[in-house]
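Asks: Shown below is the structure under consideration.
The values are calculated or read from the model by the stated rules, or taken from the named source; none is laboratory data. Being a predicted model, the structure only gives us computed values, none of them experimental. Cβ sites come from the backbone with ideal geometry, for glycine too, and all protein chains shown count toward neighbours.
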Amino acid sequence: MPDDDFLPDFDTDPTIDPPRAAPRLTWLADRGAVLALGCVAGFMVGLAYRPAPAPPPRAAPFAGPSAPAASPIAPTAVPAASEATPDPRAVARVRAANGTFRIGVFGDSFGNGVWDALYHQLPRSRGYDVLRFSKEATGFTRYRQLDIEERAKAQLAAQPIDAAVISFGANDNQPLFAEGHLHPLMSAGWQRIVGARIAQFVATVRSTGAIVYWIGLPVMRDPVMDAQMQAMDGFYEQQMARLGVTFVDSRPMSLDPAGRYSAYLPDAAGVPRLMRTGDGVHMIGVGYQRLTAGTAERIARYAGRVRAAAGVPTPGPTPASPAREGR
């Protein structure tokens, strides 16, 4: 915009005639204004009769379990050990280890808790070696951060196991980005990809001849998260049935007598004890032991069959040296 100091002053300088508008230009300006107003009015009328655009699609709220999508991965071809028929590789290892039975625990932060429980329920003094292969903040939807299948391959190459206990899911209640797309939680794409990863993971764990157990998630305090975990556990249970893996439903063991979430649950004597952490998600030590007690008994029975097939006795304390539970 020009500086006002350089504009002529028509009021104070009589030698300068003020400009006068040309009649023709004034007429054209008036006509142009009328046309412009007409165009604007026509545009507004057109908008009034234009159908409203369709609203953008909205993500459907989580509504609980959906039918699992068919997985493109067939059940693993690795011969699966059963509780009735021990795997020959496990038998050979237990024989070479003089009866020591090795258990690997895989999972996230829940897996850490499961490992701690089994560590005390299946002590070394009784011939068990419980290995912690779990790692917090991991899961089947987080392969971009850590590929847990590749991690398991490296762990098992260094330390083959005779039984595996798996507990994942606490970090997987989220969408999954894969194949260039974002797959919402429990959508068909989510189930297909996660199902394939689970099948491959189980095949990896079985590669050493281990029998496999999957421990489901307990009830959650937050209703939305609890609904998500229930849906995921239903999906995991169906995947385990397809793969021939024992699924342990921990939800009934985490409810109070009224069938609700409670941080306090009855112990073996029926006395309420604190078993949940303050976050409403995790358990404390005795809580995890409540969830794994049945699994520990099943593993002990299976280990007995393996030792019998290997022709070795069950290790135990000597009279001169009483065993100490745990390590």
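Asks: In this structure, is Gly99 at pLDDT 95 or above, buried (at least 22 other Cβ atoms within 10 Å of the Cβ) and not basic (Lys, Arg)? Step through it out loud before you land on a result.
Replies: Working: at pLDDT 95 or above: yes; buried (at least 22 other Cβ atoms within 10 Å of the Cβ): no; not basic (Lys, Arg): yes.
When the stated conditions are applied, Gly99 does not pass them.
Asks: While we're here: Looking only at region 107-159, filter to residues that are under 22 Å from Gln200 (Cα atoms) and of a type in the set (S, T, N, Q); which one of those is surrounded by the fewest Cβ atoms within 10 Å (Cβ to Cβ)?
Replies: Gln145
Asks: Which residue pairs have Cβ atoms under 9 Å apart, sit 6 or more places apart or on different chains, and have a first residue in region 251-266 that is closer than 16 Å to Gly216 by Cβ and without any contact (Cβ under 8 Å) to a residue 60 or more places away in the chain and a second that is basic (Lys, Arg) and part of a loop (DSSP other than H, G, I, E, B)?
Replies: Tyr261/Arg221
Asks: In region 218-242, which residue that is touching a strand residue (DSSP E or B) at 6+ places or on another chain (Cβ under 8 Å) and not hydroxyl-bearing (Ser, Thr, Tyr) is nearest to Val202 (Cα to Cα)? Spell out the reasoning first.
Replies: Of all residues in region 218-242, those touching a strand residue (DSSP E or B) at 6+ places or on another chain (Cβ under 8 Å) come to 218-221, 226, 236-237, 240-241.
Okay, now just the ones that are also not hydroxyl-bearing (Ser, Thr, Tyr), so 218-221, 226, 237, 240-241.
Numbers: Pro218: 22, Val219: 25, Met220: 26, Arg221: 30, Asp226: 25, Glu237: 13, Met240: 9, Ala241: 12 Å.
Here the residue is Met240.
Asks: With the structure loaded, tell me whether Ala241 is without any contact (Cβ under 8 Å) to a residue 24 or more places away in the chain and within 30 Å of Ala84 (Cα to Cα) or whether it fails that test.
Replies: Details: without any contact (Cβ under 8 Å) to a residue 24 or more places away in the chain: yes; within 30 Å of Ala84 (Cα to Cα): yes.
So Ala241 passes the test.
Asks: So which residues in region 205-239 are surrounded by 21 or more Cβ atoms within 10 Å (Cβ to Cβ) and among the small types (Gly, Ala, Ser), if there are any at all?
Replies: Gly209, Ala210, Gly216
Asks: Can you say whether Asp172 is at pLDDT 95 or above and either buried (at least 19 other Cβ atoms within 10 Å of the Cβ) or touching a Leu at 6+ places or on another chain (Cβ under 6 Å) (or both), as far as the supplied structure shows?
Replies: Numbers: at pLDDT 95 or above: yes; either buried (at least 19 other Cβ atoms within 10 Å of the Cβ) or touching a Leu at 6+ places or on another chain (Cβ under 6 Å) (or both): yes.
So Asp172 fits the description; yes.
Asks: Something else about it: Out of the residues in region 197-236 meeting the condition of being small (Gly, Ala, Ser) and within 14 Å of the chain's Cα centre (by Cα), tell me which one is nearest to Ile103 (Cα to Cα).
Replies: Residues of region 197-236 small (Gly, Ala, Ser): 199, 203, 207, 209-210, 216, 227, 231, 234.
Next, from what is left, pick out any that are within 14 Å of the chain's Cα centre (by Cα): 216, 227, 231, 234.
Details: Gly216: 18, Ala227: 31, Ala231: 28, Gly234: 25 Å.
Within region 197-236, the match that is nearest to Ile103 (Cα to Cα) is Gly216.
Asks: Among strands (runs of 3 or more DSSP E) lying entirely in region 124-225, which contain 2 or more residues that are closer than 27 Å to Leu265 by Cβ?
Replies: Values: elements: 128-132, 163-167, 176-178, 181-183, 211-215.
Qualifying strands (runs of 3 or more DSSP E): 128-132, 163-167, 211-215.
Asks: I would also like to ask the following. Looking only at residues in region 305-327 that are modelled with pLDDT of 95 or more and in contact with a strand residue (DSSP E or B) (Cβ under 9 Å, 6 or more places away or on another chain), which one is surrounded by the most Cβ atoms within 10 Å (Cβ to Cβ)?
Replies: If we take residues in region 305-327 being modelled with pLDDT of 95 or more and in contact with a strand residue (DSSP E or B) (Cβ under 9 Å, 6 or more places away or on another chain), then Val306 is surrounded by the most Cβ atoms within 10 Å (Cβ to Cβ).
Asks: How about region 207-223: which of its residues are within 20 Å of Gly259 (Cα to Cα) and touching a residue at least 40 places away in the same chain (Cβ under 8 Å)?
Replies: The initial filter retains those residues of region 207-223 that are within 20 Å of Gly259 (Cα to Cα), namely 215-223.
Ile215, Gly216, Leu217, Pro218, Val219, Met220, Arg221, Asp222, listed by residue number.
Asks: Here is a follow-up. Could you give every pair whose Cβ atoms fall below 9 Å, whose first residue belongs to region 130-144 and is more than 18 Å from Ala199 (Cβ to Cβ), and whose second residue is of a type in the set (Lys, Arg) and modelled with pLDDT of 95 or more, counting only separations of at least 6 or pairs across chains?
Replies: Val130/Arg102; Val130/Arg124; Leu131/Arg102; Phe133/Arg151; Lys135/Arg151
Asks: Still on this model: Going by the conditions given, is Gln191 farther than 27 Å from Arg290 by Cβ and either of a type in the set (Phe, Trp, Tyr) or surrounded by fewer than 17 Cβ atoms within 10 Å (Cβ to Cβ) (or both)? Steps first, answer last, please.
Replies: Numbers: farther than 27 Å from Arg290 by Cβ: yes; either of a type in the set (Phe, Trp, Tyr) or surrounded by fewer than 17 Cβ atoms within 10 Å (Cβ to Cβ) (or both): no.
Here the answer is no, as Gln191 does not meet what is asked.
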